[in-house]
Amino acid sequence: MKRMITAALLMASGFCLLFGAKDVQADAKVPENVHIADIDVGGMTEDEVMKELEDYQETVRDQGLILDIEGNKYGATMGDLGFEFTNLEELAERAVSLQSMGNLIQLYKAQEDLARNKVDLELQAVYSQEAVRQFIESSAAPHNVQAVSATVTRGGANGFTVNPSTMGKQADTENAYNEAVQRMDSWDRGGTIEVAVAVSEVRPTTVTEDLNGFGAVLGQFTTQFNDADKDRNYNLTVGTAKLNGTFIEAGATFDLYSVLGPFTTGNGYRRGHAYANGEIIDSIGGGVCQICTTLYVASLYAELGIVTRFNHSMTVGYVPLAWDATIASGGYKTLRLRNDTGYPIYIASSSNGGNVTVQIFGRETRPANRKVEFQSRVLSGPSYLAPQETPDPGLPAGQRVVTEEGHPAASAQLIKNVYINGALQSSTVLNTSSYKPYAERVNVGTGGSTPEPEPTPEETTAEPTPEETTTKAPEPTTAEPTTKAPETTAPTTTAAAKN
């Protein structure tokens, strides 16, 4: 936008001039003692006044605004900044008209007044504030240096190599802009304007010293899976590879979907078993919920803040009730963690040999005499629905084949117990989770042959569950902690799964 600098018509006390109405002869001249911006235009014609003012404008536009940034000088002319006078023609015409207005008595009086009193006609000027801002920001850009936080990579003598931090710099362009505008608004057009731009040091979020003592296992957890389900296992390998190496700075919030998602073939995933609306379906990325669950429990042992967590719509077999966490396409269900340890953390994850393992490394600040344990407290269930039977003429009469295992209705709470020197200090409910039932799917033979005798229960081999689980859900247990932890209370979250 254009900024206008306005000034009044200045006249000596007691002197009044009326502009306007009378015609001015082509060769009329400005009366003596008339000035425009300290230029004596007395005795000039209108064209001569105009030429003098245009030359003066060019002289002013050639003057500059100088920035001093860390001892470096950057300059722009006033013309570059859009500076110009807006009333040159008007003042040239007015100056000449002073000689020819009114009747003879009025003219005589005006000439007498002009002889005794100086008349100053003031110019009006504008400039571009946006051009000033752009000039300052472009000049300061080379002096802005992004601060780089220290990070770690796996390897080195103690298991990790520290990549050191570097300090950044930031020019204070806003204060420089405000000063430049203020100076230009009051500028008397008598010389160059110089503005110093302050540059301050910027500290990165994580400095090298924050990684002293890094490498302790703050929390870890392992879940098992059926190695025979190739596509689901492939998804576990893809997902754990994406999560592995995640570095989270102190105080930062981490969204698991931002690392694992989107669940598409283009992002490396295959179709696998998943839960949706209380049913078991095939979905791209099916199985990655097991990564979400394993990270959730490892985070509990590391005592990270749990910002968002959802339980599955149905029970899973690789953790006790209320220990699970789910993730969904689009991220409308996800696991969000906050690093409350005071120092950066590093997540390592892997999937092999039928195990998904997540480890959280960092700087241990918790006392050695403190430990945490987690317990599943069952509130209701497990309660199973009657099997859903489908006649199958291809099977001998009476033979039953389970095609999908059932899941019980249940609800439970996850309890965190904190011990100091073996004595219980506190028990906290971390979440309350409810699970929908899913009826077992059974094909019942209607053919003519007599089925062979079914094996005794001792001889029965359990079929793997075709989804998130490979075994039936274990009985509620109290897990032994993998780390010792300080007194902190993880925030309570309420499961709100809608699948």
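Values in this text are rule-based calculations from the coordinates and carry no lab data. Since we're looking at a predicted model, the values are computed, not measured. Don't worry about glycine lacking a Cβ; one is built from the backbone with ideal geometry, like all the others, and counts go over all protein chains shown.
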Subtract the Cα-Cα distance of HIS143 and SER258 from 0.36 nm times their separation in residues, and report this length gain in nm to one decimal.
38.1 nm
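From Cα pairs below 8 angstrom and at least 6 apart in sequence, can you work out the relative contact order of segment 171-310, rounded to a whole percent?
The normalised contact order for segment 171-310 reaches 25 percent.
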With a 29 Å threshold on alpha-carbon distance, the violating pairs from LYS242/LYS436; LYS371/LYS436; LYS333/LYS436; LYS230/LYS416; LYS242/LYS333 are LYS242/LYS436; LYS371/LYS436; LYS230/LYS416
Based on the Cβ-Cβ distance from ILE420 to ALA386, what FRET efficiency comes out when R0 is 56 Å, to the nearest 0.05?
0.70
Charged-residue dipole, Cβ positions (Lys, Arg, Asp, Glu), segment 113-154 about Cα centre, Debye nearest 20:
300
Distance between segment 26-59 and segment 248-296 - C-alpha centres, whole angstrom
79
Can you work out the FRET efficiency for the pair VAL378 and THR222, with r the C-beta to C-beta distance and R0 = 22 Å, to the nearest 0.05?
0.40
How many nm is it between the label spots at ARG183 and THR428, if each spot is 7 Å from the Cα in line with the beta carbon?
5.5
Which order, highest average first, do 244-251, 123-130 follow once you tally other Cβ atoms within 10 Å for each residue and take the mean per peptide?
123-130, 244-251
Label-point separation in nm, THR86 to THR161, each point 7 Å along Cα→Cβ:
6.3
Which length gain, in nm to one decimal place, applies between ARG203 and ILE66 when the Cα-Cα distance is subtracted from 0.36 nm times their residue separation?
46.4 nm
